[in-house]
Amino acid sequence: MQRFPLLTKNSIRLRNHIPMSAHLHIDRIDHLVLTVESIENTVDFYTRILGMEVVTFGAGRMALRFGPHKINLHQRGREFEPKAAHPVPGSADLCLLIALPLDQLITHLQAHAVVILEGPVQRIGAVGNLNSIYIRDPDGNLIEIANLLEADTETST
């Protein structure tokens, strides 16, 4: 079932006459969902390596909490409804900000035999310039871990 109709030239023209941005403002992300091969392996990695807290909610659902954010976990083949159209482990690309200096993070990751794919490298994030490293979680999701260097108005692409 398609929830949104296909846009046509007429619908785009009509939509352009309605200043939706004046009425709608997304404030922030509450949570996101990762579909994983093994909730146990994912929880181990994100708690032991990245310091997140595991939480259980609802009818035995599991999530990872860090600060005011949460990553809900879906076991592949046993996803909760509604779910993404094509939930696949290893398809996420996340950027996580930390206060810990990257050299200390690198030492921590090396002590746990986590491979650093790239970095430190400078990137542009949503709220400013970043100094980043890249790793993969057990499902192959790309995890960028970064220090915010300075606040500015440029955004990443």
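The values are calculated or read from the model by the stated rules, or taken from the named source; none is laboratory data. Because the structure is predicted, anything quoted here is derived from the model rather than measured. All Cβ positions, even for glycine, are placed from backbone atoms using ideal geometry, and neighbour counts span all protein chains on display. These area figures cover heavy atoms from the full protein model, side chains too; ligands, DNA and RNA do not enter into them. Shrake-Rupley method; radii C 1.70, N 1.55, O 1.52, S 1.80 Å.
Some points to look at:
- Evaluation of residue 35 against (1) in contact (Cβ under 8 Å) with a residue 40 or more places away in the chain; (2) surrounded by fewer than 11 Cβ atoms within 10 Å (Cβ to Cβ) (one fails), failing number: (2)
Residue-wise test of (1) modelled with pLDDT under 95; (2) surrounded by 13 or more Cβ atoms within 10 Å (Cβ to Cβ); (3) over 22 Å from residue 147 (Cβ atoms).
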residue	(1), (2), (3)
21	yes, no, yes
30	yes, no, yes
79	yes, yes, yes
99	no, no, no
102	no, yes, no
129	no, yes, no
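- Selection status of residue 143, surrounded by 18 or more Cβ atoms within 10 Å (Cβ to Cβ), at pLDDT 95 or above and among the hydrophobic types (A, V, I, L, M, F, W, C): yes
- Here residue 133 clears all of (1) buried (at least 17 other Cβ atoms within 10 Å of the Cβ); (2) in contact with a helix residue (DSSP H, G or I) (Cβ under 7 Å, 6 or more places away or on another chain); (3) assigned to a loop (DSSP other than H, G, I, E, B) except the condition numbered (3).
- Selection count where residues are surrounded by fewer than 18 Cβ atoms within 10 Å (Cβ to Cβ) and either at pLDDT below 95 or under 21 Å from residue 27 (Cα atoms) (or both), scope the range 106-127: 3
- So residue 142, is it closer than 18 Å to residue 35 by Cβ and in contact with a strand residue (DSSP E or B) (Cβ under 7 Å, 6 or more places away or on another chain): yes
- Note on the range 81-97: residues that are touching a strand residue (DSSP E or B) at 6+ places or on another chain (Cβ under 8 Å) and open to solvent by less than 60 Å² (accessible area, probe 1.4 Å) amount to 5.
- Number of residues in the range 47-77 that are touching a Pro at 6+ places or on another chain (Cβ under 7 Å) and either open to solvent by 70 Å² or more (accessible area, probe 1.4 Å) or not in a strand (DSSP E or B) (or both) equals 1.
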